[in-house]
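The values are calculated or read from the model by the stated rules, or taken from the named source; none is laboratory data. Note that the coordinates shown come from a computational prediction; the quantities given were computed from them, not determined experimentally. Cβ coordinates were reconstructed from backbone atoms using ideal geometry, including for glycine residues, and neighbour counts include every protein chain displayed. The accessibility values were calculated without ligands, DNA or RNA, using every heavy atom of the protein model including side chains. Shrake-Rupley method; radii C 1.70, N 1.55, O 1.52, S 1.80 Å.
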Amino acid sequence: MFAPHADDETYGMAGSLLKASEEGIQTHLVVMTDGALGGSKNDLVDVRKKEVLEAARILGIDSVDSWQEPDRGLALSDELVNKIAQKIREVGAVSVFFPGPLEPHPDHRNTALLVWAALQKRSSESISVNAYSYEIGVQNPVNLFIDITAQRSRKERAMTIYASQNDENNYEELVLSLDKGRTFTLPAAVSHAEGFYLYSKEELATSLKEVTHNIIELYF
């Protein structure tokens, strides 16, 4: 999975990562930026690198790469697209996860665009993978819910690792509210769920902008 910052993987899909670990599925994490603007600590970059490693241990993530692109400065480039495509190739990914296209933070949206371009590059090489977007801070288009009722307490524990971020806002409460809200159409026994959008091969052949517009047009 690709996370814009250290913590997005946990806020966005910790419950699903825990489920994958329980089922013996390998997971790999790439953190795109250095997270230097996410707090006031002088050694924030090092702190966040340590936090993500501890969170990854709790979540059962098999490998973590921190690419250290500038926080709030993540930009589209052929170099990064190729680097992402190479990482997908290197780990033999069957499924790839990236932030939803309606996320407010520019690094979140640019991560989505970069990964999308890399997935299209892989498709041109006749290599197909399952492409999913996940929610971090707001509701995005979704067509899949994963019940994380049994994993909720461990997700909460993983979120506490990010003390450098939780001091900045009540992120834990906000994330759990988002997960709670996603149970609206699910059985009453489901206390929390994470939302995803699984893109079809036909959708991957077009632009992420066009796909997102088409999804929104369905409401009208």
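Observations on the model:
- Rounded to the nearest 20, the size of the Cβ-charge dipole of the chain about its Cα centre is 320 debye, with Lys and Arg at +1 and Asp and Glu at -1.
- The simple spin-label model puts a point 7 Å past each Cα toward its Cβ; for Ala205 and Leu76 those points are separated by 2.1 nm.
- Distribution of pairwise C-alpha distances over the chain, 5 Å bins, in %: 1, 7, 15, 20, 21, 17, 11, 5, 1, 0
- Taking all protein chains into account, the per residue accessible area for the range 84-220 stands at 51 Å² (1.4 Å probe).
- Residue among Trp67, Leu80, Ala56 farthest towards the positive dipole end of the range 32-96, charges placed on Cβ: Ala56
- Between Gln26 and Leu174, the modelled label-to-label distance comes to 3.5 nm, taking each label 7 Å out from Cα in the direction of the beta carbon.
- With a Förster radius of 30 Å applied to the C-beta separation of Ser95 and Asp167, the computed FRET efficiency comes to 0.35.
- Placing +1 on the Cβ of every Lys and Arg and -1 on the Cβ of every Asp and Glu, with nothing else charged, gives the range 42-155 a dipole about its Cα centre of roughly 260 debye.
- Estimated FRET transfer efficiency when R0 is 30 angstrom, pair Arg57-Ser123 (beta carbons, to 0.05): 0.35
- When the convex hull of its Cα atoms is projected in every direction, mean area for the range 69-129 (nm²): 4.1
- If you look at the Cα atoms of the range 1-72, you get an Rg and a Dmax of 12.1, 39 Å.
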